[in-house]
Amino acid sequence: MGKVPEVTLLFWIIKIAATTLGETAGDAVSMSMNLGYLVGTAIFAVIFLAAVAAQVSAKRFHATLYWTTIIATTTVGTTLADFADRSLHIGYTGGSTLLLLLLLASLFTWYRTLGSVSVETLHSRPAEIFYWVTIMFSQTLGTALGDWTADSAGLGYTGAAIIFGSLLAVIAAAYFWTKISRVALFWAAFILTRPLGAVLGDFLDKPRDHGGLAMSRFLASGVLLAFIAVSLRVFRHRPAARQH
């Protein structure tokens, strides 16, 4: 069996919760704790590298380890995207474009090197490394894309959430009613859950005069983390079957 979870409805629910947690936790460290985006990125980068190393070194599937690594990618993606936009002044448009190119380059290189980007073929260390690099780019892209849609495009957090939620619904419909590549649909959905999580996280913790609910970032992060922990405890998480 593989070392990543089977892709089910539960997988997507936890993925959205994890990406939302990444937004609130990333902002809690960089903004609420006043550590700044660079220091926040450095802290989460260390956690991310440690989590990926543990995940790649593991001999079998560990649900808690896998989702810890996912959360690590989304928190560092949050602070990194904010650092690029607000500290380096690349802007959401420039940052989103750059990250999209890096994401596509990662998928292209992965495919040309190993012949498949399916999560069911993660049976080697190079494939796992490609997997986590691709996820890292997708999580960072999602933060920038979510902020661009909500702020720069003026749709607000609710409007942006409706846009990304609708796109995910279209992908779900394509999965059930078309013959479009399941691998392509998986990565499209995986990428889109991140900007959805980004705008949901901002909706929870941004001030009311900015369209948010003004929740404490620490409280929102704690609730989301508790939800993920309970989901991991209560529901059975099976590894995806490996294919060669």
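The values are calculated or read from the model by the stated rules, or taken from the named source; none is laboratory data. Nothing here was measured: the structure is a model prediction, and the numbers come from that model. Note that each Cβ is placed from the backbone with ideal geometry, even for glycine, and that neighbours are counted across all protein chains shown.
Quick notes
- Applying the set (1) aliphatic (A, V, I, L, M); (2) under 16 Å from the mean Cα position of the chain (by Cα); (3) buried (at least 21 other Cβ atoms within 10 Å of the Cβ) to A150 leaves exactly one unmet item: (2).
- Taken over segment 176-189, the criterion of being hydrophobic (A, V, I, L, M, F, W, C) and part of a helix (DSSP H, G or I) is satisfied by F176, W177, V183, A184, L185, F186, W187, A188, A189.
- In summary, S116 fulfils each of the numbered conditions (1) touching a residue at least 60 places away in the same chain (Cβ under 8 Å); (2) surrounded by 18 or more Cβ atoms within 10 Å (Cβ to Cβ) with the single exception of condition (2).
- Given (1) in a helix (DSSP H, G or I); (2) of a type outside the set (F, W, Y); (3) over 17 Å from A17 (Cα atoms), index of the condition A241 fails: (1)
- Any chance I163 is exposed (fewer than 15 other Cβ atoms within 10 Å of the Cβ) and of a type in the set (A, V, I, L, M): no
- When residues of segment 38-68 are limited to those that are in contact with an Asp or Glu (Cβ under 9 Å, 6 or more places away or on another chain) and not polar (S, T, N, Q), the one nearest to D85 (Cα to Cα): G40
- Matching residues, segment 44-95, being surrounded by fewer than 20 Cβ atoms within 10 Å (Cβ to Cβ), modelled with pLDDT under 90 and among the aliphatic types (A, V, I, L, M): L88, I90
- Among the residues here, T109 does not qualify as among the polar types (S, T, N, Q) and under 21 Å from L196 (Cα atoms).
- Residue in segment 160-175 that is part of a loop (DSSP other than H, G, I, E, B), in contact with a Leu (Cβ under 8 Å, 6 or more places away or on another chain) and not aliphatic (A, V, I, L, M) present: no
Per-residue answers, yes or no, for (1) surrounded by 20 or more Cβ atoms within 10 Å (Cβ to Cβ); (2) among the small types (G, A, S); (3) within 23 Å of K206 (Cα to Cα); (4) within 19 Å of the chain's Cα centre (by Cα):
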site: T97; (1), (2), (3), (4): no, no, no, yes
site: L102; (1), (2), (3), (4): no, no, no, yes
site: F108; (1), (2), (3), (4): no, no, no, no
site: Y111; (1), (2), (3), (4): no, no, no, no
site: I129; (1), (2), (3), (4): no, no, no, yes
site: T134; (1), (2), (3), (4): yes, no, no, yes
site: L141; (1), (2), (3), (4): yes, no, yes, yes
site: A144; (1), (2), (3), (4): yes, yes, yes, yes
site: G156; (1), (2), (3), (4): no, yes, yes, no
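- Put simply, of A169, A198 the only residue that is among the aliphatic types (A, V, I, L, M) and under 12 Å from the mean Cα position of the chain (by Cα) is A198.
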